[in-house]
Amino acid sequence: MSTEITKDIICPQCGEAQKYRLYTSINGTDNPELKQQILNEELFNWRCQRCNYLADMAYPFIYTDTEKRYIICLSPMGTDNIEPPATFESYVKRTVKNLSELKEKILMFDQGFDDVAMELVKNALCGILKQTYKVNRIHAYFSRENEGELEFAIYLPGKSEAIYHSTREDVYEQSQEVLRALNYEEPKGFLKVDARLARRILEDYQNI
Ligand SMILES: [Zn+2]
């Protein structure tokens, strides 16, 4: 089930008062069209009916996939602590802070990947690309699996257009090995699986 609410909004450009329909929760299994809006990164777009002003909104909401059994809490401020309902006990639970991260999780889980292992792959890839492009910060988002390779959208500092880089799928298998060697077990509740967690896991691995 998806939950939709209506809010009053005043266009920041022309001042026209309007209604804004937003979702506080989305079930991607039941609402593939809303899921597609997330994958197109359009879900938070609001367009003024009078002056055509386009705003990118951000608000907390919950995405669930009842078929693949995962639940993702989008928390733009990073402060919304949502208690997982008891019915989601056996679900994979994640917290993300924006639509790009949510999209990435959906793409990973839908293709059957473990996002923790995938963060280790991203860590390795970003390490190489930082040297290649001589930058100290890179954002990488999983995009797809293609002929035995994993493709990532890469954002370099100050660039809004992504460039695409692939890495061999055996890097993913090696990452799964690292997690097995550590007997990695997820804590309960909503977990933030990101570059920071990957660094922590790799530090632990070096100390074995
Ligand atoms: Zn307007």
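The values are calculated or read from the model by the stated rules, or taken from the named source; none is laboratory data. Not measured: the values here are computed from a predicted model. Cβ coordinates were reconstructed from backbone atoms using ideal geometry, including for glycine residues, and neighbour counts include every protein chain displayed.
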Restrict the check to region 162-184 and report whether at least one residue is part of a loop (DSSP other than H, G, I, E, B) and more than 26 Å from Ile71 (Cβ to Cβ).
yes
Assess whether Arg69 counts as being away from the ligand (no atom under 16 Å from the Cβ), out of contact with any Pro (no Cβ under 7 Å at 6 or more places or on another chain) and outside the structural domain of Phe190 (by TED's automatic domain parsing).
yes
Considering only region 163-208, state which residues are surrounded by 15 or more Cβ atoms within 10 Å (Cβ to Cβ), among the hydrophobic types (A, V, I, L, M, F, W, C) and over 19 Å from the mean Cα position of the chain (by Cα).
Val171, Val178, Leu179, Ile201, Leu202
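Look through Leu54, Leu22, Leu39 and report the one residue that is in the same structural domain as Cys73 (by TED's automatic domain parsing), within 12 Å of the ligand (Cβ to nearest atom) and under 24 Å from the mean Cα position of the chain (by Cα). Outline the logic, then answer.
Numbers: Leu22 fails: within 12 Å of the ligand (Cβ to nearest atom); Leu39 fails: within 12 Å of the ligand (Cβ to nearest atom).
The conditions single out Leu54.
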Taking the condition on the phi > 0 side of the Ramachandran plot, in the same structural domain as Arg196 (by TED's automatic domain parsing) and modelled with pLDDT of 95 or more, does Lys130 pass?
no
When region 137-161 is examined, which residues are found to be within 22 Å of Asp110 (Cβ to Cβ) and outside any strand (DSSP E or B)?
Glu147, Gly148
